[in-house]
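Engineer: A single structure is presented below for examination.
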Amino acid sequence: MAITSIMIVGVGGQGTLLASKILGNVAVSQGYDVKLSEVHGMAQRGGSVVTYVRYGDKVYSPIIAPAGADIVLAFEELEASRWANFCKKDGTLIVNTQRIDPMPVVTGAKNYPLKTMNELVEKQIKLIPVDALALAKQAGTVKAVNVVLIGVLAKSSNIPKEVWIESIKNTVPERFLEMNMKAFELGYNV
Amino acid sequence: MKEIMLGNEGVARGVFEAGATVVASYPGTPSTEITETIAKHNEIYSEWAPNEKVAMEVVIGASIAGARSFTAMKHVGLNVCADPLFTVSYTGINGGLVIAVADDPGMHSSQNEQDSRHYAMSAKIPMLEPSDSQEAKDFTKLAYELSEKYDVPFMLRLHTRVSHSRSLVDVGERTEVPLKEYKKDINKYVMMPGMARKRHVVVEERQAALQELAEQTELNYIEMNDTKIGIICSGICYQYAKEALPNASFLKLGMIYPLPAKKIAEFAKKVDKLYVIEELDPFIETFVKAQGIEVTGKDLFSVMGEYSVEMIAKAISGTNIETLDVKFEEELPPRPPVLCPGCPHRGLFYVLKKLKLTVTGDIGCYTLGALSPLDSIDACVCMGASIGMSLGMEKARGKDYARKLVAVIGDSTFIHSGITGLIDVVYNKGTSTVIILDNSITGMTGHQHNPSTGFTIKNEPTKQVDLVQLCKAIGVERVRVVDPFDVVETEKVIKEEVAADEPSVIIAQRPCALLKSVRYTGKVTVNQDKCTKCKMCMRIGCPAIAWKDGKIMIDHTQCNGCGLCLNVCKFGAMEKVGE
């Protein structure tokens with residue numbers, strides 16, 4: 001199989017690492033060669049964070065360069081705009097429409113860009129907007145934004161739903177499972 | 001059985017399977033998870049040492065005593081333990097010794113971009129470089145055998161994209177390796193001039209043997225393909241280049257010091273055009289050129305930052321990948337990292353900025369106090385440097401200057417290499433004020449214990465360094481403890497201590513907000529009737545507080561109810577709800 005390259009982008013603390021773990025386990029269970037790349041340390045402290053997941057028959061590079069991603073799964077709107085050029089020309093951009101102000105916006109030094117999503121639509125980029133924060137609240141916790149988005153990703157993948165559910169079961173702690181399953185379903189049915 | 005593992009977990013697995021029994025390290029991104037993973041195995045004694053030098057000395061002792069031993073560090077940690085490193089090269093080892101060092105090209109979480117390969121060459125210690133998690137495990141295991149065969153420590157060079165990438169690893173069993181016999185041998189282990197001169201001869205003989213190993217080892221192999229392009233590379237660059245140039249021929253180097261001169265010459269003859277692809281310095285390229293072989297490397301590639309598949313494809317094949325046109329009308333603001341909501345350091349930096357002090361800083365989460373709106377730090381160089389730098393500033397500009405000067409340093413960093421700086425202040429009659437940010441944990445690297453937390457790497461209770469008593473024993477008579485969230489008291493204490501014409505230490509004590517034991521409750525809301533829109537609360541740089549539509553607003557997905565803003569607002573407009 002040709003390599004599938006998925007980028008997960010967001011803000012440090014949003015749970016992008018857990019999402020990439022779930023996705024990685026899904027790919028492993030399908031018998032693919034898999035590589036994931038993460039960022040730890042300083043960059044995790046509320047900064048812009050990126051995780052790469054690649055799977056296929058044989059994967060060499062663990063990272064993805066501009067125009068290299070089949071799917072960019074963005075946990076936040078500004079981060080979606082920032083990393084949109086990593087999407088292949090025929091790639092898909094899944095965007096949680098939640099907006100988290102970066103410090104330069106908080107301090108008033110810069111403005112949060114409000115029109116970028118419209119511009120992306122005008123450029124005919126395949127864009128799936130999701131209000132994952134609202135769905136996560138509906139599932140019972142704002143912390144489940146990541147699993148809602150995994151649900152959306154699962155729907156647009158060609159890997160069976162049960163495989164995703166199994167991976168979530170193996171990744172999240174037991175006591176949060178019910179909430180996360182609800183979050184996954186809400187994302188899957190967007 | 002195959003498991004998906006971080007490169008760091010691969011190294012840890014290799015250490016485990018090789019039967020190592022003593023491991024000592026100091027945390028440092030991107031190397032930390034190696035030792036954290038090893039600590040889960042009860043067959044291995046593991047510890048967080050106070051710094052990399054002590055860690056290295058512990059594993060040298062363990063090796064001399066006959067145990068397979070291991071230490072891991074980030075690239076700058078290797079600087080800290082360079083002293084024992086250069087001499088253990090002379091003594092050699094008894095039980096196998098492996099030293100892992102993780103470089104950070106692109107500086108994801110580091111203060112410089114140094115290339116550790118130079119250390120292997122200058123210390124005359126062989127170095128292996130894995131390119132994925134499987135190799136990380138295999139090379140580590142092999143390094144133990146080679147270390148014992150050649151009587152030398154082996155270094156393992158890692159890279160952020162190897163350490164922090166996950167890929168599949170074939171997991172094996174642990175082999176228990178009995179302790180080697182320890183025999184007193186002062187000619188081998190006591191490095192005084194008379195003995196060291198003899199050992200230097202041994203080192204040079206060993207160099208010749210290791211050069212032969214480099215020629216013979218299967219770690220260095222040729223993959224012949226189309227002969228138009230030949231690539232010499234190692235580590236992560238091999239992965240990038242294989243994907244970028246699937247038809248090229250490769251000389252893949254798993255052993256990067258010493259380098260195999262004959263094998264390189266043999267490969268060069270077989271290809272029309274030879275390239276070296278290596279991030280950072282032209283380490284391999286310089287060697288190849290010294291052999292009189294024509295090669296292209298840094299003419300095409302930068303000595304700075306990371307490479308990628310696309311960069312290599314473009315530079316060598318001229319392939320241009322069509323990218324999406326995603327230029328936006330509006331500017332995309334950057335998203336620099338920030339102190340977390342509830343971070344204990346925030347209150348302190350708010351006060352330091354208010355007092356307009358000159359601040360020498362140190363390495364940790366709190367280095368973020370340099371960024372807007374806290375803007376509090378003037379200089380940050382390396383672990384422990386804040387205290388020495390503040391003394392230097394005082395000696396350069398005089399005692400009056402010290403009346404508006406402080407050093408800030410974390411608890412773990414103070415233990416690592418701040419104590420000696422403080423001794424210098426006292427001994428050489430400085431009058432600096434040192435603020436120890438005691439958040440009860442090593443924060444930035446992801447919550448590791450240290451000698452000031454009272455727990456070991458295995459979470460066992462242990463003796464806890466008493467920072468107050470320690471400072472007093474050094475000779476600091478003025479030692480104060482404050483809660484940095486009590487901004488009024490903190491301001492008062494800092495003013496008093498900075499004014500004092502003698503050394504002083506302020507310990508700002510409040511645990512990291514991410515610790516499980518820290519449970520802030522409720523959320524803050526703004527009473528808009530009381531809010532005067534003075535924006536004082538925005539000076540603490542809390543990501544949960546924003547100015548929106550002409551009002552101060554609290555983002556409840558970020559607010560954890562820590563309450564610092566209640567202490568900063570003079571009008572009582574911040575109110576806690578939901579407690």
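The values are calculated or read from the model by the stated rules, or taken from the named source; none is laboratory data. Predicted model, so just to flag it, every value in this text is computed and none were measured. We place every Cβ from the backbone using ideal geometry, glycine too, and count neighbours over all the protein chains shown. Heavy atoms of the whole protein, side chains included, go into the accessibility calculation; ligands, DNA and RNA do not. Shrake-Rupley method; radii C 1.70, N 1.55, O 1.52, S 1.80 Å.
Engineer: Rounded, prolate or oblate: which fits region B:523-577 when a ≥ b ≥ c are the square roots of the eigenvalues of the alpha-carbon gyration tensor, with rounded for a/c under 1.5 and prolate only if a/b beats b/c?
Structural biologist: Details: a/c = 1.33, a/b = 1.17, b/c = 1.14.
Rounded is the answer for region B:523-577, as its axis ratio a/c remains below 1.5.
Engineer: Per residue of region B:63-68, what does 6.51 cos²θ - 1.76 cosθ + 1.60 with θ = phi - 60° give for ³J(HN,Hα)? Whole Hz please, x for Gly and Pro, Karplus curve as stated.
Structural biologist: 5, 4, 6, x, 9, 5
Engineer: If amide hydrogens are placed 1.01 Å from N in the peptide plane, which non-local residues have theirs closer than 5 Å to the one on B:MET127?
Structural biologist: Residues meeting the amide H criterion: B:MET155, B:ILE256, B:TYR257.
Engineer: Gap in Å between the Cα centre of region B:32-75 and the Cα centre of region A:150-190?
Structural biologist: That distance is 39 Å.
Engineer: Does region A:74-161 come out rounded, prolate or oblate, given a ≥ b ≥ c as the square roots of the eigenvalues of its C-alpha gyration tensor, rounded meaning a/c under 1.5 and, failing that, prolate meaning a/b above b/c?
Structural biologist: Working: a/c = 2.47, a/b = 1.18, b/c = 2.10.
Oblate is the answer for region A:74-161, as a/c is 1.5 or above yet b/c matches or exceeds a/b.
Engineer: Taking R0 as 35 Å, what's the FRET efficiency between B:THR521 and B:ALA82 from their Cβ-Cβ distance, rounded to 0.05?
Structural biologist: Values: r = 48 Å, r/R0 = 1.36.
The value I calculate is 0.15.
Engineer: Can you give me the relative contact order of chain B as a percent, contacts being Cα pairs under 8 Å and 6 or more apart? Don't jump to the answer; show the numbers that get you there.
Structural biologist: Values: 1236 pairs, mean separation 63.5, N = 579.
The normalised contact order for chain B reaches 11 percent.
Engineer: Here's something else I'd like to know. HN-Hα J couplings of region B:180-196 from phi, Karplus 6.51/-1.76/1.60, θ = phi - 60°, integer Hz, Gly and Pro as x?
Structural biologist: 6, 5, 9, 10, 4, 8, 5, 5, 9, 10, 10, 8, 9, x, x, 6, 5
Engineer: Which of rounded, prolate or oblate describes region B:220-317 when judged by the alpha-carbon gyration tensor and an a/c cut-off of 1.5? Mind dumping the intermediate values first?
Structural biologist: Working: a/c = 1.45, a/b = 1.14, b/c = 1.27.
Rounded shape, in that the Cα axes give a/c under 1.5.
Engineer: Considering only DSSP beta bridges whose two residues both sit in chain A, what percent are antiparallel, to the nearest 5?
Structural biologist: Details: 13 of 27 bridges.
Percent antiparallel among DSSP bridges in chain A is about 50.
Engineer: Distance between the C-alpha centers of region B:259-277 and region B:297-314? Whole Å please.
Structural biologist: Comparing the Cα centres of region B:259-277 and region B:297-314, I get a distance of 19 Å.
Engineer: Gain in length, B:LYS298 to B:LEU179, computed as 0.36 nm per residue apart minus the alpha-carbon separation, to one decimal in nm? List each step's numbers first, then the result.
Structural biologist: Values: separation 119, 0.36 × 119 = 42.84 nm, distance 4.62 nm.
Extending this stretch completely gives an extra 38.2 nm.
Engineer: Please state the relative contact order of region B:523-577 as a whole percent: Cα pairs under 8 Å, 6+ residues apart? The partial results should precede the final answer.
Structural biologist: Working: 75 pairs, mean separation 28.5, N = 55.
Result for region B:523-577 is 52 percent.
Engineer: Hey, can you grab everything whose amide H is under 5 Å from the amide H of B:VAL481? Only 5+ residues off in sequence or another chain; H modelled, so Pro and N-termini drop out.
Structural biologist: Under 5 Å from the amide H of B:VAL481 lie the amide H atoms of B:ILE507, each far enough along the sequence or on another chain.
Engineer: Each residue of region A:107-113 in order: what ³J(HN,Hα) in whole Hz does its phi give by Karplus 6.51 cos²θ - 1.76 cosθ + 1.60, θ = phi - 60°, with x for Gly and Pro?
Structural biologist: Running phi through 6.51 cos²θ - 1.76 cosθ + 1.60 with θ = phi - 60° gives 7, x, 6, 9, 9, 6, x Hz.
Engineer: Counting only other chains, and only Cβ atoms inside 10 Å, what mean value do you get across the residues of B:235-246?
Structural biologist: On the way: counts 0, 5, 1, 2, 6, 5, 2, 3, 6, 3, 0, 1.
Counting Cβ atoms of other protein chains within 10 Å of each residue's Cβ and averaging gives 3.
Engineer: Using the beta-carbon distance between B:THR227 and A:VAL163 and R0 = 51 Å, what value does 1/(1 + (r/R0)^6) give for FRET efficiency, to the nearest 0.05?
Structural biologist: Efficiency for this residue pair is about 0.70.
Engineer: Mind giving me the FRET efficiency for A:ASN85 and B:ALA65? R0 is 45 Å, r the Cβ-Cβ distance, nearest 0.05 is fine. Working shown, then result.
Structural biologist: On the way: r = 56 Å, r/R0 = 1.24.
It comes to 0.20.
Engineer: Leaving out ligands, DNA and RNA but keeping every protein chain, what accessible area does B:THR227 have, in Å² rounded to the nearest 10, with a 1.4 Å probe?
Structural biologist: Rounded to the nearest 10, that gives 60 Å².
Engineer: Mind giving me the nanometre distance, one decimal, between the label points for B:VAL465 and B:ILE321, set 7 Å out from Cα along Cα→Cβ?
Structural biologist: According to this spin-label approximation, the distance is 4.6 nm.
Engineer: Okay, moving on. Across peptide B:127-133, what mean number of C-beta atoms from other chains lies inside 10 Å of a residue's C-beta? Write out the running numbers ahead of the final one.
Structural biologist: On the way: counts 0, 0, 0, 0, 2, 4, 2.
Per residue, the number of nearby Cβ atoms from other chains is 1 on average.
Engineer: Between B:ALA379 and B:GLN291, what length comes free when the chain is fully extended (0.36 nm per residue of separation minus the Cα-Cα distance, one decimal in nm)?
Structural biologist: Values: separation 88, 0.36 × 88 = 31.68 nm, distance 4.31 nm.
Full extension of this stretch gives 27.4 nm more.
Engineer: Give the relative contact order (percent, whole number) for region B:17-121; include only Cα pairs under 8 Å separated by 6+ residues. Each step should come with its number before you reach the end.
Structural biologist: Working: 188 pairs, mean separation 30.8, N = 105.
The normalised contact order for region B:17-121 reaches 29 percent.
Engineer: What size of dipole, in debye to the nearest 20, comes out for region B:523-577 about its Cα centre when the only charges are +1 on Lys and Arg C-beta atoms and -1 on Asp and Glu C-beta atoms? Provide the component values of the computation, followed by the final result.
Structural biologist: On the way: 9 positive and 4 negative charges, 32 e Å.
Computed charge dipole of region B:523-577: roughly 160 debye.
Engineer: Okay, moving on. Restricting to bridges with both residues inside the protein assembly as shown, how much of the DSSP beta-bridge set is antiparallel, in percent to the nearest 5? Kindly include the intermediate steps, with their values, before the conclusion.
Structural biologist: Numbers: 36 of 101 bridges.
Here the share of antiparallel DSSP bridges comes out near 35 percent.
Engineer: Tally Lys/Arg at +1 and Asp/Glu at -1 over every other residue whose Cβ is under 14 Å from the Cβ of A:ALA19; what's the total?
Structural biologist: Numbers: positive: A:LYS21, A:LYS143, B:ARG166; negative: A:GLU38, A:GLU76, A:GLU79.
Residues near A:ALA19 contribute 0 overall.
Engineer: When the C-alpha atoms of the protein assembly as shown are aligned to their principal axes, what extent does each axis show, in angstrom, from largest down?
Structural biologist: Principal extents (largest minus smallest coordinate, Cα): 80, 69, 48 Å.
Engineer: Hey, another quick one. Quick one: putting +1 on the C-beta of Lys and Arg, -1 on the C-beta of Asp and Glu, what dipole do you get for region B:220-317 around its Cα centre, in Debye to the nearest 20? Please report the intermediate quantities before stating the final value.
Structural biologist: On the way: 11 positive and 13 negative charges, 73 e Å.
Charge dipole of region B:220-317: 360 debye, to the nearest 20.
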